[in-house]
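Only one structure is covered here, and it is reproduced in the block below.
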Amino acid sequence: FTDSDARAVLIIGIPYPNCRDQKVKLKRSYNDRSKNKITGARWYEMQAYRALNQAIGRCIRHSNDYGTVYLCDSRFEEKR
């Protein structure tokens, strides 16, 4: 988008990976079995918030850009 486009991003829900995807299942299982790694549940959550950060970045693209981000899910109120 150019600077005058995409002045707002509306986020509805948290973009968790498909929990039925075989690769996701394997990664979660691997992390749960491995030492010195984050747990499978923590990895799964991090993937969702990584995707969320990328979506927010669609609105604010450089230091002089501006926009509004609407987070429309009650789970954003939870402390983590």
Would you tally the residues in the stretch 29-77 being assigned to a loop (DSSP other than H, G, I, E, B) and either touching a Gly at 6+ places or on another chain (Cβ under 6 Å) or under 14 Å from Gly13 (Cβ atoms) (or both)?
3
Within the stretch 5-27, how many residues turn out to be modelled with pLDDT under 95 and either open to solvent by 40 Å² or more (accessible area, probe 1.4 Å) or closer than 19 Å to Phe76 by Cα (or both)?
10
From (1) surrounded by 13 or more Cβ atoms within 10 Å (Cβ to Cβ); (2) modelled with pLDDT of 95 or more; (3) over 23 Å from Glu77 (Cα atoms), pick out the condition that doesn't hold for Gln47.
(3)
Checking the conditions here, which among Arg7, Arg42, Arg50 is within 28 Å of Tyr66 (Cβ to Cβ) and under 17 Å from the mean Cα position of the chain (by Cα)?
Arg50
Scan (1) open to solvent by 50 Å² or more (accessible area, probe 1.4 Å); (2) under 17 Å from the mean Cα position of the chain (by Cα); (3) without any contact (Cβ under 8 Å) to a residue 60 or more places away in the chain for the single condition Tyr30 breaks and write down its number.
(2)
For residues that are open to solvent by less than 50 Å² (accessible area, probe 1.4 Å) and not small (Gly, Ala, Ser), scanning just the stretch 50-68, find the one that is modelled with the lowest pLDDT.
Cys59
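The values are calculated or read from the model by the stated rules, or taken from the named source; none is laboratory data. As the structure is a computational prediction, the values presented were derived from the model and not from experiment. In this analysis, Cβ positions are derived from the backbone assuming ideal geometry, glycine residues included, and neighbour counts consider all displayed protein chains. These area figures cover heavy atoms from the full protein model, side chains too; ligands, DNA and RNA do not enter into them. Shrake-Rupley method; radii C 1.70, N 1.55, O 1.52, S 1.80 Å.
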